[in-house]
Amino acid sequence: MHLDGLLAFPLTPFTPDDEVDLAAFGVHLETLLAHRPAAVFVACGTGEFTGLSVAEWQTVVRTAVTAVNGRIPVFAGVGGGPKVARDGVAMAAAAGCDGVLLMPPYLVSAPPAGVLRHIAYVTDHSPVPVVVYQRDNARLDPTTAVGLLDLPSVIGLKDGVGDVDTMLREVTAVRASGHSRAADFNFLNGLPTAELSVQAYEAIGVPSYSSAVLDFMPDLATAFFRAVRAHEQATVQRLLASFFLPFATLRAQVPGYAVSLIKAGSRIAGLDLGGVRPPLVDPTPEHVAQLSDIMSAGRQALAVTATAAR
């Protein structure tokens, strides 16, 4: 499976009485699908995987599979300990998913060889393709990145670390390995506000990325993606300066804003997806006001871009 393009990571909506809001989730998904992402990854980090019960996770995943209806690949987030993650893979396959995103193991730290062993355990005889999420306590190195090629179910590596030097070494090691699967292996940019790093990652052979901005300003996110692909630097710089850099600065002020600020943005844009579950915190009123101003500046820059394109 080749994953080339902008990747959607939908939010999981909650009602005021703390139930999963499937009606809002359906609207949210359709809005994302209208902007034609390359794939959709549900119940992952942005979808508050760690905040969902198993039953809720299953409901969200099945709802997404039904709603997408084969239009694009659907991946589900799985994680935790090795046995729990392996069970998650089986449940995702049973729900009709096209693949899974394997998130870091719970709490424990391990060397790259141990991380590879964990991935091998979870993906052994997996009935669906697996993308490995490299971040926090699940970090590989060039040798173990090449080792992923010997795991038939593993089709890609999503990076959430942001060490361009290490990522370059891993990409180069895989591509130059001579392995039969090396040329088709997927590398994905999964950094928070990936728009800030997309040009650097594209230069080392990682052109596809996940965009949280797609969740609440899809027109802006797709316009930026098209500008990057077309090497329209004036547009890229305009959107970075007006929206993405100020947004990333605000997002970095409080741990957990990587999710809760996205939900606030959706609410400002007109679709209320509720708040976040603990230990995440909702943005302060002051930060919500700042976000609204940043979104307005982004819309103005997008209008300038549209006018310039005529």
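The values are calculated or read from the model by the stated rules, or taken from the named source; none is laboratory data. Everything numeric in this text was worked out from a predicted model, so none of it was measured. All Cβ positions, glycine included, derive from the backbone under ideal geometry; neighbour counts span all protein chains shown. The protein model used for the area step is the full one, side chains on, heavy atoms only, and it has no ligands, DNA or RNA in it. Shrake-Rupley method; radii C 1.70, N 1.55, O 1.52, S 1.80 Å.
For residues in region 152-180 being assigned to a loop (DSSP other than H, G, I, E, B) and open to solvent by less than 30 Å² (accessible area, probe 1.4 Å), which is farthest from R86 (Cα to Cα)?
At the first step, the residues of region 152-180 found to be assigned to a loop (DSSP other than H, G, I, E, B) are 152-153, 160-163, 176-180.
Narrowing further to those that are open to solvent by less than 30 Å² (accessible area, probe 1.4 Å): 153, 160.
Details: S153: 12, G160: 22 Å.
Out of the qualifying residues, it is G160.
Just one of P278, P255 is closer than 30 Å to N186 by Cβ, open to solvent by 40 Å² or more (accessible area, probe 1.4 Å) and not in a helix (DSSP H, G or I); which is it? Show your work before the answer.
Values: P278 fails: closer than 30 Å to N186 by Cβ.
After applying the criteria, what remains is P255.
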Test result for A200, assigned to a loop (DSSP other than H, G, I, E, B) and either over 30 Å from P16 (Cα atoms) or out of contact with any helix residue (DSSP H, G or I) (no Cβ under 8 Å at 6 or more places or on another chain) (or both): no
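Considering only region 203-215, state which residues are in a loop (DSSP other than H, G, I, E, B) and open to solvent by 10 Å² or more (accessible area, probe 1.4 Å). Explain how you work it out, then say what you get.
Here is the first cut: in region 203-215, the ones in a loop (DSSP other than H, G, I, E, B) are 204-207, 211-212.
Within region 203-215, I204, G205, P207, A212 meet the criteria.
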Residue among L191, L220 that alone is of a type outside the set (V, I, T), open to solvent by 10 Å² or more (accessible area, probe 1.4 Å) and within 25 Å of D293 (Cα to Cα): L191
